[in-house]
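Nothing in this text is a laboratory measurement; each read-out follows from the coordinates by a stated rule. Treat the numbers as computed from the prediction; the structure is a model and nothing was measured. Heads up, the Cβs are rebuilt from the backbone with ideal geometry, glycines too, and the neighbour counts pull from every protein chain shown.
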Amino acid sequence: MEIERVLLEKILPQVQKPARYLGTEWNAAHKNWDAVPVRMAFAFPDLYEVGMSHLGLQILYGLVNSREDYLMERAFTPAPDMERELRKTKVPLFSLESHKPLQDFDVIGFTLQYELTFTNVLNMLDLAGIPYRTRERGDDQPLIIAGGPAALNPEPLTPFIDAFLIGEGEEAILEILDLVREVKGSSGRASRLQLLERLVEIPGIYIPSFYSEEYPRKPLHPRAPQRVQRRVLDKLDFAYFPTSPLVPLAEAVHERGMVELFRGCTRGCRFCQAGMIYRPVRERAPEALLAQAEEIIKNTGFEELSLISLSSLDYSGMAELLPSLAKGCATTRTGLSLPSLRVDSFSVKTAKELPGRRTSVTLAPEAGSQRLRDVINKGVTENDLLEAVEAALEAGWFAVKLYFMVGLPTEKKEDLEGIADLVAKVVKLGKRQSQGRKRLRVTVSASTFVPKAHTPFQWEGQDRSDLLEEKHQYLRTLIKKSRAEYNWHNIETSMIEACFARGGREMGAVLEEAFLRGCRLDSWTEHFNYQAWLESFEVVGIDPADYATRCFDYDDLLPWEVIDPGVSKDYLISEHRKAMDEKVTVDCRDVCGKCGVCSSLGVTTQLARGRG
Amino acid sequence: MPGYRLQYAKSGSSCFLSHRELMTTLQRGLRRASFPLTYSKGYNPRPKLSFGPPLGVGVAGLQEYIDLELDQDINTEEYLHSLNRLLPPSIRANSLTAVPAGAKGLGKLINCGHYLIDIGEGNDADWEQLLQCGENEGAWSYERPGDGKVYNVSDAIIKSDVYHEGERLYIGFLLKVGNGEIPLRVLLDFLSDKGGAVLLPSMVTRTGLYHLDKGCLLDPLGKRKNLN
């Protein structure tokens, strides 16, 4: 009650967007704290508006709270003004629902979606009054766990996290909470050491303190596995899915209901970590999706429904799903969106049928030349792109966003010129087709390639930042001529991201230094402090330019090899070699690419219609 | 299309919603309660809702209004009940009434609002004398620090009163809304400055919105209220 009073009377009147900290969202779970034996806080290391758009939070929140004996509450990274107020009033970081200090929970679980949120993890622990270094935490402190895609290379965070959950959390989270309940018994708090002793038995759990400090990390604990295998749900249709998700109070990045068409992606783009670590493709049945969609709209009042997946138009049941879904959405006046469109006219024509707003079509050819698109295994041609744009124009869109990546392996000047050529062709097409109408607006977004663990490009270094700068400038000059808008992603943040994405334990020391120097919310341009990061690298004795650009040999020991994502190293090597030979690999919906996931993890590709 | 006027209250934690956040929350509540809302035409159809004058972040409101356009007539009692089940507890729908076609909209109707500031206990300033003094001087002006904009505070105040409830002190203001309105924050900063107390929006409740005409207050549902 004390926190609640100080919050309402003293803190909230002083901060921007206080709705971020109220915890009274529609569908929020307000349980009787004292009557629930096991309590977990879901800690999202970014601002409310980012965290509330995240499907994983909604799934785990709904799942845990659907169990009478468990409770899950949320905490997000406070904005800088809120952090100042919390430190000033000495109020510890609290959960949103019951405004309890995070310290009072049995388990605090962080989701690691992006490397540039890592300082927020340390900050949230610090604000909660919990020592952020594992070694300094007492046996009676909450268990600190972390999961999510960035946990697939957990090494930089090993000094701070007690246990990582590798892979999909739906089953494992309940196994963890069952265990906490058992170990806790009737005592007020489960012993952290006892818990770790038991957690090691749960598949997918990586406990860094049970492994040697030096590489390769060898298990020191008799029951710790040699390599920690990623957890995968076998059948998505039997898995929990929230149909009463939280409805944000403060405006979130995405304000919409979500149904998940499938997990995994069969396209096999070689730069894409998600494409490797969510395999195999598992589709949900159209009838299940329809029922979920109807419930979600009824239970939330959202104005828009989004069909989520890594490549939504690949969903094999689309022909069956879309007409019924569109009809239902029209009745309830709900917009329908497909966030991940393929670069082809079929996708655009399908999108045309969707009810709701028509703002811009986003297409991601990623590279400018056919050669480089073959290197990265992005199976689209120039023709695909132009036809897609033509279809978009015919369907009434007047804005196209094109996504490219700069700094891809083997990239040459011609590839950058290829981007400019492609953009010029799109602009020209827009001009030709727009006679008498509003001219097509073309926006080009160029991000910087960041090599990621467990991908065929994990052995490749990032380009040096001065070279990247030069490439972006060159591309900008070329694109300016065709009068398209050009946006590029900050090179400095991409370099820090690259350092963590393939970083070893030594990056933990850099992270701590950066946190102590005040680095927070690094993914927000207005808060990113590059100078403080450079100083942190220097103190630890790492040259970030060398670290981000280092290439590995196939037989080098990689820091993340203690994690087994299911995709075999042989497959990654063969994909890397094929990339260097500019050879493509076909979609594994058509031909099995022998990546090893299905056999090693005991799962299969499941399609709603057709093969599976 | 039939028009309806919804009167609602926001209190407790919902006071901290911005006007925009409140609009979204109410709109979603109306959608959950299956109100047959009328939507605008075009690529980006929106429900035809017309909100009364916005309340600042932190300020409570006891009698706030939205006008709704619906596709069909509804049973107001049933829909009101359903809406209250589907709104957060700190937002309550008080009443729902049909509005005759051609009736004035909220924007044209409302020209003043009554605000109550909870000063609390232990503030020694003589507010009665202070307010009296302001009325006599006739021209309280306030220069906002930062942008230097000057507001004529006394022009925006139609009437002011001091109330006691035991040791607790309240100041009531009937303030202009729309034409001649000043930001509430300006009034609070001004009073904080004069009275030596820190007055925050979270201490303020808007108790009602009215049309003031010839010394008579009329609320948007047609109820009369005595100015004194």
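List every residue whose amide H lies under 5 Å from the amide H of B:THR38, counting only residues 5 or more places away in sequence or on a different chain, with H placed 1.01 Å from N in the peptide plane.
The list, which skips near neighbours in sequence, is B:LYS48, B:GLU69, B:LEU70, B:ASP71.
Can you run phi through the Karplus equation (6.51, -1.76, 1.60; θ = phi - 60°) for the range B:38-53 and list ³J(HN,Hα) in whole Hz, with x for Gly and Pro?
Here the 3J(HN,Hα) series is 8, 10, 6, 8, x, 5, 10, x, 10, x, 7, 10, 10, 8, x, x Hz.
According to the square roots a ≥ b ≥ c of the eigenvalues of the Cα gyration tensor, what is the shape class of the range B:3-108, taking rounded for a/c under 1.5, prolate for a/b larger than b/c otherwise, and oblate for the remainder?
Here the range B:3-108 falls in the rounded category.
Give the percent of DSSP beta bridges with both residues in the range A:50-198 that are antiparallel, rounded to the nearest 5.
The antiparallel proportion sits near 10 percent.
For a 29 Å ceiling on Cα separation, which of these pairs sit above it: A:LYS413/A:LYS481; A:LYS235/A:LYS594; A:LYS471/A:LYS594; A:LYS412/A:LYS583; A:LYS431/B:LYS48?
Flagged as over cut-off: A:LYS471/A:LYS594; A:LYS431/B:LYS48.
Kirkwood Rh, Cα Rg: Rg to Rh for the range A:364-415?
1.04
Taking only the alpha-carbon atoms of the range B:110-226, what semi-axes of the equivalent ellipsoid follow from 5 times the gyration tensor eigenvalues under a square root, in whole Å, largest first?
Sorted largest first and rounded, they come to 23, 19, 13 Å.
From the residues B:LEU6, B:VAL59, B:LEU83, which one has its Cα farthest along the dipole of the range B:3-108 in the positive direction, the dipole being from +1 and -1 charges on Cβ of Lys/Arg and Asp/Glu about the Cα centre?
With unit charges placed on the Cβ atoms, the residue in question is B:VAL59.
Excluding same-chain residues fewer than 8 positions from A:LYS17, which lysines have a Cα within less than 18 Å of its Cα?
B:LYS10
Span-like helices, chain A: DSSP H, alpha-carbon axial extent 27 Å or more, mean Kyte-Doolittle -1.0 or greater, which ones?
Those that clear 27 Å and a mean of -1.0 are A:413-433.
From the phi of every residue in the range A:130-141, what ³J(HN,Hα) in whole Hz does the Karplus formula 6.51 cos²θ - 1.76 cosθ + 1.60 yield, where θ is phi - 60° and glycine or proline is x?
For the range A:130-141, the Karplus-derived couplings read 10, x, 7, 8, 3, 5, 8, 8, x, 5, 9, 8 Hz, x marking Gly and Pro.
Among A:VAL450, A:ILE161, A:MET318, pick out the residue whose Cα is farthest towards the positive end of the charge dipole of the protein assembly as shown, where Lys and Arg carry +1 and Asp and Glu carry -1 on C-beta, about the Cα centre.
Of the options given, the answer is A:MET318.
Can you tell me the relative contact order of the range B:3-108? Whole percent, Cα pairs under 8 Å, sequence separation 6 or more.
Relative contact order for the range B:3-108 comes out at 47 percent.
Can you give me the distance in nm between label points at A:LEU557 and A:ASN383, each placed 7 Å from the Cα along the Cα-to-Cβ direction?
Placing both labels 7 Å beyond Cα along the Cβ direction yields 5.1 nm.
If you keep only loop residues by DSSP, which chymotrypsin sites (Phe, Trp or Tyr not before Pro) in the range B:1-93 have at most 16 other Cβ atoms within 10 Å of their Cβ?
Answer in residue order: B:TYR43.
Roughly how many debye, to the nearest 20, is the charge dipole of the range B:110-226 about its Cα centre, given +1 on each Lys and Arg Cβ, -1 on each Asp and Glu Cβ, and no other charges?
Magnitude of the dipole: close to 640 debye.
Out of the DSSP beta bridges found with both residues in the protein assembly as shown, what percent are antiparallel (nearest 5)?
55 percent
Relative to the Cα centre, what is the charge dipole magnitude of the range A:403-529, using +1 at the beta carbon of each Lys and Arg, -1 at the beta carbon of each Asp and Glu, and rounding to the nearest 20 debye?
1240 debye
On full extension of the chain, what length is gained from A:LYS90 through A:ALA545, given 0.36 nm per residue of separation minus the C-alpha to C-alpha distance?
Taking A:LYS90 through A:ALA545 to full extension adds about 159.9 nm, to one decimal.
Taking H as built 1.01 Å from N, whose amide H comes closer than 5 Å to the amide H of A:ILE563, not counting residues under 5 places away?
Counting only residues 5 or more places away or on other chains, the set is A:VAL228.
By counting other Cβ atoms within 10 Å of each Cβ, how are A:SER212, A:SER186 ranked from fewest to most?
With the sparsest Cβ surroundings first, the list reads A:SER186, A:SER212.
So between A:ALA395 and A:GLU251, what do we pick up on full extension, going 0.36 nm a residue minus the alpha carbon distance?
48.8 nm
With point charges of +1 on the Cβ of Lys and Arg and -1 on the Cβ of Asp and Glu, referenced to the Cα centre of chain A, which listed residue (A:GLN58, A:LEU122, A:ILE108) lies farthest in the positive direction of the dipole?
Projecting each Cα onto the dipole axis, the largest value belongs to A:GLN58.
May I ask you to list the GluC sites (Glu not before Pro) in the range A:158-264 that are in a DSSP loop and have at most 15 other Cβ atoms within 10 Å of their Cβ?
Listed in order of number, the matching sites are A:GLU201, A:GLU213, A:GLU214.
Set the bar at 28 Å for Cα to Cα. Now go through A:LYS378/A:LYS452; B:LYS104/B:LYS176; A:LYS438/B:LYS108; A:LYS218/A:LYS578 and name every pair that lies beyond it.
Check vs 28 Å cut-off fails for A:LYS438/B:LYS108; A:LYS218/A:LYS578.
Are there trypsin sites (Lys or Arg not before Pro) in the range A:234-315 that DSSP marks as loop and that have at most 16 other Cβ atoms within 10 Å, and which are they?
Taking the range A:234-315 and a limit of 16 other Cβ atoms within 10 Å, the loop trypsin sites (Lys or Arg not before Pro) found are A:LYS235.
Roughly how big is the protein assembly as shown's charge dipole about its Cα centre, with Cβ charges of +1 (Lys, Arg) and -1 (Asp, Glu), in debye to the nearest 20?
The dipole of the protein assembly as shown has a size of about 2660 debye.
Please identify which residues in the range A:447-474 have an amide N closer than 14 Å to a label point set 7 Å out from the Cα of A:MET580, following the Cα→Cβ vector.
A:456-461
Bin width 20 Å, alpha-carbon pairs only: give the P(r) of the protein assembly as shown as whole percents, running from 0 to the bin holding the largest distance.
The calculated distribution, bin by bin, is 14, 42, 34, 10, 0.
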